[in-house]
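Structure first, then comments.
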Ligand SMILES: C[S@@+](CC[C@H](N)C(=O)[O-])C[C@H]1O[C@@H](n2cnc3c(N)ncnc32)[C@H](O)[C@@H]1O
């Protein structure tokens with residue numbers, strides 16, 4: 001019963017946030033919401049969800065803080081390196097036959113995924129034929145992504161990822177170290193458009209050959225996952241490629257019949273219509 005009341009309080013909080021601020025978290029996964037709300041309650045030093053509600057509804061800066069808590073931005077260069085290795089092997093040969101390639105990174109966070117793809121395309125001599133759209137609902141991470149500046153001490157791990165991913169050069173060739181930061185070469189973003197886009201409330205804005213929406217839908221409930229896949233599907237051309245995260249799947253959605261998984265392990269799908 002106590003848990004049920006807590007769930008009702010969370011629903012009321014999310015409904016209020018939607019009505020007051022227009023942010024729609026109503027169909028995010030409950031388990032993840034509960035963790036983030038608990039974390040925000042501790043930070044705001046309130047003991048109850050209704051106490052948090054009072055803050056969030058009346059203090060926009062508390063709403064901003066909760067928004068950042070709910071926008072889980074963990075990411076890295078060549079995250080899941082085997083994904084990039086498989087992408088190189090199974091997708092690039094197809095893309096090489098296209099005169100022009102449009103790619104959308106939906107939920108790109110601070111941009112590490114986008115720069116990784118740019119490096120891979122550059123090494124395969126495909127970058128100049130590409131236009132990459134990098135979007136996220138969180139304006140702050142988009143700003144960071146545009147800058148292309150990352151912590152230098154993470155480069156050791158990223159170099160390892162890059163090599164497992166089949167990197168063909170020295171990873172350090174792509175950035176310049178400056179004090180504690182690594183600034184990535186501006187040439188990597190010359191064909192990238194960074195923009196704010198919310199997968200819940202915004203519509204399709206172009207047609208793409210490749211869409212990557214990785215480790216985003218994991219935070220959504222089943223019905224929102226279906227809606228977002230529908231949006232991605234509407235934005236993907238026939239025989240286009242859809243990439244989702246390791247822990248995500250199209251298997252339990254109505255789209256499993258129109259998408260073919262191109263690899264036994266990596267969640268790389270081709271639209272078959
Ligand atoms: C865990 S990160 C994944 C980043 C990157 N794709 C990766 O796999 O490393 C999830 C990102 O999804 C974004 N996100 C969450 N809900 C979103 C929505 N409704 N529309 C667009 N982006 C969203 C978050 O802001 C966050 O940057």
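Laboratory data are not the source of any read-out in this text; all were calculated from the coordinates shown. A quick note: this is a predicted structure, and the numbers were derived from the prediction, not measured. Here the Cβ is made from the backbone with ideal geometry for all residues, glycine too, and neighbour counts use every protein chain on show.
Please identify, among 54, 139, 112, the residue showing maximal mean-square fluctuation in a Gaussian network model of the chain using a 10 angstrom Cα cutoff. Of 54, 139, 112, the Gaussian network model singles out 54 as fluctuating most. Here r is the Cβ-Cβ distance between residue 183 and residue 246 and R0 is 22 Å; the resulting FRET efficiency, rounded to 0.05, is 0.15. Counting other Cβ atoms within 10 Å as a rough exposure proxy, the listed residues 213, 237, 130 run 237, 130, 213 from fewest neighbours to most. Across region 75-211, the relative contact order, built from alpha-carbon pairs under 8 Å that are at least six residues apart, equals 34 percent.
Taking each DSSP H run with n ≥ 4 as -39500 (n - 2.57) and averaging over every residue of the chain yields -12000 deg cm²/dmol at 222 nm. Take every pair of alpha-carbon atoms less than 8 Å apart whose residues are at least six positions apart; their mean separation over the length of the chain yields a relative contact order of 18 percent.
Rounded to two decimals, the Cα radius of gyration of region 188-253 over 2.2 N^0.38 Å is 1.14.
Region 117-148 and region 218-273 have Cα centres lying 21 Å from one another. Counted by neighbouring Cβ atoms within 10 Å, the residues 216, 114 run from fewest to most as 216, 114. Averaging the sequence gap over all C-alpha pairs within less than 8 Å and six or more residues apart, then dividing by the number of residues, gives region 1-158 a relative contact order of 18 percent. Only beta bridges with both residues in the chain are counted; by DSSP, about 40 percent of them are antiparallel. Seen from all sides and averaged, what is the projected area of the convex hull of the Cα atoms in the chain, in nm²? For the chain, the mean projected area of the Cα convex hull comes to 15.5 nm².
Separation of region 11-26 from region 71-112 is 32 Å, based on Cα centroids. In this label model, residue 34 and residue 20 are separated by 2.4 nm, measuring between points 7 Å along each Cα→Cβ vector.
To the nearest 10 degrees, how steep is helix 222-234 against the longest Cα principal axis of the chain, on a 0 to 90 scale? Value to nearest ten degrees: 40.
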